[in-house]
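Read through the structure below, which is laid out as structure tokens, and then see the notes.
Derivation of every value follows stated rules applied to the coordinates shown; laboratory data play no part. Worth saying up front: this structure is predicted, and the values here are computed from it rather than measured. Note that we place each Cβ from the backbone using ideal geometry, even for glycine, and neighbour counts take in every protein chain shown.
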Amino acid sequence: MNPSAQTKPGRISPLPEWFRQPLPDMDKIRRMKQDFRAAGLHTVCESARCPNIGQCWGQGVATFMILGEICTRACRFCAVKAGRPMEVDTGEPRKVAEAVRDLRLRYVVITSVARDDIPDEGAEHFYQTIGTIRELSPQTRIEVLIPDFSNKTASIRRLIEARPEVVSHNIESVRRVSQKIRPQAQYDRSLAVLRNFKDMDAALFTKSSFMVGFGETHDEIEEVMRDLLTAGVDILTIGQYLQPTQLKRHLPVEKFYAPQEFDFYKQLGLQMGFKHVMSGPLVRSSYIAEEGYKECFAKSG
């Protein structure tokens, strides 16, 4: 087989052989789904149709999605529903914290939809969620995967005050593709968000992620990696874009990268100076997130 697989336009292409995974523990997945629904909670694992849901849920690990399940933006790579969100559930921080406690999670990732309809775009809700988790599970390490908050200084500062172990914001793609797949976001604004977190708290670990498969070139991949490193990013994840549905807004995959190509970019990232790089076809920004934190912590000691 060729080192990479080209796709055919107009339909969702079958996945290459390297995407095969062992069958998950469906009983455990059903139990977790029932627990989340009973608590009125959402996970990005389901909403974004993550390909690792079987592996992660089978291990009792999930990424909580707060601020509802409807996003104010409609990115062309994302399966999360877009439209007019519901009112913010003020009881959600405690619900999430109780679930983290009941699942006895050592490490938890909290993410959200974009909420451009809220003045602080959800920063205070993140703050309350982190604080309540600290109250009920003081030993749990917390990573947040945030929208860009439109780079509002007050929102960034409020999140820093909550003291998460890792702040992650995804650049998502190379510069040339960014406006096409994220029409309501900006490549340079995402870089500025990451840079501002580091400028306000140099000890904070920052993280970002991008996908390949949109037709980007090698030089463009190197450029986005350099841009993220210049912005002070510690942890980098690189994964394969997968078309979530056949809806018109969801772009087709232009190329499937082979595992050895992902290995090449992992080694390149480490050589460039990132503290931790995870790169692979099934890698997503929250995938085995604890490993990145542990490696950064060890290197900073």
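Before moving on, here are some points about what is shown:
- When the Cα convex hull of region 24-300 is projected onto planes of every orientation, the mean area is 13.5 nm².
- Among 230, 72, a tally of other beta-carbon atoms within 10 Å of each Cβ gives an order, fewest to most, of 230, 72.
- Panel order for 225, 272, by other beta carbons found within 10 Å of each beta carbon, from fewest to most: 272, 225.
- Estimated from the Cβ-Cβ distance and a Förster radius of 30 angstrom, the FRET efficiency linking residue 271 and residue 154 is about 0.20.
- Legend: Rg and Dmax of region 159-260, from Cα coordinates, 14.6, 43 Å.
- Summarising the strand pairing of region 24-300, around 5 percent of its internal DSSP beta bridges are antiparallel.
- Entries in 152/198; 180/207; 95/275; 81/180; 207/299; 95/266 that, when Cα-Cα distance is taken, lie over 26 Å: 95/275; 95/266
- Among 285, 112, the order by Cβ neighbours within 10 angstrom, fewest to most, reads 112, 285.
- The alpha carbons of region 59-140 give a radius of gyration and a Dmax of 13.3, 38 Å, in that order.
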